[in-house]
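The values are calculated or read from the model by the stated rules, or taken from the named source; none is laboratory data. A quick note: this is a predicted structure, and the numbers were derived from the prediction, not measured. Virtual Cβ from ideal backbone geometry, glycine too; neighbours counted across all protein chains shown. Ligands, DNA and RNA are excluded from the accessible area calculation, which covers all protein heavy atoms including side chains. Shrake-Rupley method; radii C 1.70, N 1.55, O 1.52, S 1.80 Å.
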Amino acid sequence: INITPVNKVLEDEVKSTVSGWVACTENKDYDCFKSYLLEDYTYESTDGTRRNYTSRLSKLIQIFAENSSIEIKYNNIQITENGSNKVLARYFQIYHSDKHNDKGYKSLYLRKVNNSWMIYRETFSPNP
């Protein structure tokens, strides 16, 4: 497989999207979080959890209500083009909240819609 490095503009746009989306989560801002998702969005975890757009947003309301604070650290973001107007952003994440802590690899599949990078798929692989 030949992976072409993404250009700097694309890389900056995607990194900005990821950082904005993480900030929405940390700020427990439902409308902000939702604004990054496409309606065909899906979530999958290696533990078997699967959610569609509606069930992910319902779960998010619960998560925000149950936690006084959420902190997400991430690093080593790798961005690859994944088709026409699509990219994959993969990074190592450490998540900490009142009710849940985990760390592992997050993959965000993004599609460019009206000049904005939007998340249509999210996967998480916990790292013990």
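Any idea what angle helix 8-26 forms with the longest principal axis of the chain, computed on alpha-carbon atoms, 0 to 90 degrees, nearest 10? The answer is roughly 10 degrees. To the nearest ten degrees, helix 53-66 and the longest principal axis of the Cα atoms of the chain are 50 degrees apart. Accessible surface calculations at 1.4 Å, restricted to protein heavy atoms, place region 75-118 at 57 Å² per residue. With a cut-off of 12 Å between beta carbons, the residues surrounding T46 carry a summed charge of -1, where Lys and Arg count +1 and Asp and Glu -1.
Extension gain, C32-N115: 0.36 nm per intervening residue step, less the Cα-Cα distance, totals 28.2 nm. Take the Cα of V9, step 7 Å toward its Cβ, do the same at H100, and the gap between the two points is 3.7 nm. For the chain, adding -39500 (n - 2.57) for each run of n ≥ 4 DSSP H residues and dividing by the number of residues yields -9500 deg cm²/dmol at 222 nm. Among the listed pairs K73/K103; K34/K99; K34/K103, give every one whose C-alpha distance is greater than 19 Å. Long pairs (Cα-Cα over 19 Å): K34/K99; K34/K103. A crude spin-label estimate for the pair L57 and E71, with each label 7 Å from Cα along the Cβ direction, gives 3.1 nm. Evaluated with a Cβ-only charge set (Lys, Arg +1; Asp, Glu -1), region 13-128 carries a dipole of roughly 240 debye about its Cα centre, given to the nearest 20. Between the alpha-carbon centres of region 20-55 and region 104-125 there is a gap of 10 Å. Electrostatic bookkeeping for R111 treats Lys and Arg as +1 and Asp and Glu as -1; over the other residues with beta carbon under 10 Å from its beta carbon, the sum is +2.
Where the accessible area of the chain is counted over protein heavy atoms with a 1.4 Å probe, how much of it, in %, is carbon and sulfur? The computed percentage sits at 45. Annotation note: trypsin sites (Lys or Arg not before Pro) in region 41-128 located in DSSP loop regions with a Cβ neighbour count of at most 11 within 10 Å are K99.
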